[in-house]
1. List every residue pair whose Cβ atoms lie under 8 Å apart, where the two residues are 6 or more positions apart in sequence or sit on different chains, the first residue falls within region 194-219 and is touching a residue at least 12 places away in the same chain (Cβ under 8 Å) and more than 20 Å from residue 86 (Cβ to Cβ), and the second residue, located anywhere, is polar (S, T, N, Q) and in a loop (DSSP other than H, G, I, E, B).
2. Do you know which residues across region 66-82 are open to solvent by 40 Å² or more (accessible area, probe 1.4 Å) and more than 19 Å from residue 145 (Cα to Cα)?
3. Six or more apart or on different chains, Cβ atoms under 6 Å: show the pairs whose first residue is in region 158-169 and free of Cβ contacts under 8 Å to residues at least 60 places away in the same chain and whose second is aromatic (Phe, Trp, Tyr).
4. If I filter region 75-83 for residues that are among the aromatic types (Phe, Trp, Tyr) and at pLDDT 90 or above, do I get at least one hit?
5. Determine, yes or no, whether residue 86 is among the hydrophobic types (A, V, I, L, M, F, W, C), surrounded by fewer than 16 Cβ atoms within 10 Å (Cβ to Cβ) and either within 19 Å of the chain's Cα centre (by Cα) or assigned to a strand (DSSP E or B) (or both).
6. Take residue 239 and tell me if it is modelled with pLDDT under 85, buried (at least 20 other Cβ atoms within 10 Å of the Cβ) and not polar (S, T, N, Q).
7. Of all residues in region 131-148, which are at negative phi and either without any contact (Cβ under 8 Å) to a residue 60 or more places away in the chain or among the basic types (Lys, Arg) (or both)?
Amino acid sequence: MLKKFTQWATAGIKRTISVAKMEHLKPSKPMRQILFRFGATSQLPRLTDSSNHTEFMKKVDKSSFGSNPGLWRLASDDYIGGGSTALFDMNEEEGSGVFHGNIDLTVPEGVEKSGYAAMLSPVYDPWMDLSPFDALELEVKTDGRIYVAQMKTDSRLDDDLYQHVFTTNPNEWTQVILPFEEFMLTWQGWLEGENTPMDANKLIRFGFVIGERQDGPFHLEIRTISALHRARAFGRQTLVDD
């Protein structure tokens, strides 16, 4: 039986959210590749030196956004006549990118439901291989609302997505760890009957979606998104960095 993903996930959100504790960890060897950064250098403590991987870095700013698959994209329900908005701006003072807008649950005539806003990465060609890692690390500041991190991998169905909910205390920079094994396979927002493990070596794109069906503004600031190997001293491959 299909279950609505956000209803299932938010019921147990305290169980699924984990924050890194790094004080006593020492890296065995570097495992970090920085691919993207929003804004300035990370403000969180880093245990590995990424200087050998600068050739992978791409800075993400407003010029990185557009309508073609090779750019970051914003999406909302406006394409079906809905009133939700999705915007992106830079916060130079905080050194971050800001995904923000407003959710409007008003349902246009002839449509079953509305209230959607997302920020999607470029489509990776060839696929991004994250198989050396086992989790995502998010360096974010939220408004306290619930968000969904989603990963699109090569699959039989175009609408298959792996999703994981997260939230933080409002207006605090937080390091959130989302283990790959906790990402749930969904189809058009519904949990699939059997959760097939995610194939991390075939990542097609990454994204954020506002996870609450609740009217009102939303605000998510991002400095970095990293893929990391938790057991190997938090070696990380950053999906969002300079």
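1. 200/131; 201/131
2. Across region 66-82, the qualifying residues are 67, 68, 69, 70, 71, 73, 78, 79, 80, 81.
3. That search, which allows pairs on different chains as well, returns 159/187; 160/187; 162/183.
4. No, that holds for no residue.
5. No, not satisfied.
6. Working: modelled with pLDDT under 85: yes; buried (at least 20 other Cβ atoms within 10 Å of the Cβ): yes; not polar (S, T, N, Q): yes.
Considered against the rule, which asks whether it is modelled with pLDDT under 85, buried (at least 20 other Cβ atoms within 10 Å of the Cβ) and not polar (S, T, N, Q), residue 239 comes out as yes.
7. Matches in region 131-148: 141, 145.
For (1) among the acidic types (Asp, Glu); (2) farther than 16 Å from residue 215 by Cα; (3) out of contact with any helix residue (DSSP H, G or I) (no Cβ under 9 Å at 6 or more places or on another chain), each residue gets a yes or a no:
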{"residue": "97", "(1), (2), (3)": "no, yes, no"}
{"residue": "115", "(1), (2), (3)": "no, no, no"}
{"residue": "134", "(1), (2), (3)": "yes, yes, no"}
{"residue": "140", "(1), (2), (3)": "no, yes, yes"}
{"residue": "145", "(1), (2), (3)": "no, no, yes"}
{"residue": "151", "(1), (2), (3)": "no, yes, no"}
{"residue": "165", "(1), (2), (3)": "no, yes, no"}
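The values are calculated or read from the model by the stated rules, or taken from the named source; none is laboratory data. Note that the structure is a prediction, hence the values are computed from the model and not measured. Glycine also receives a Cβ, built like all others from the backbone with ideal geometry; neighbour counts cover every protein chain displayed. Ligands, DNA and RNA are stripped out before the accessible areas are found, and what is left, the full protein with its side chains, is counted by its heavy atoms. Shrake-Rupley method; radii C 1.70, N 1.55, O 1.52, S 1.80 Å.
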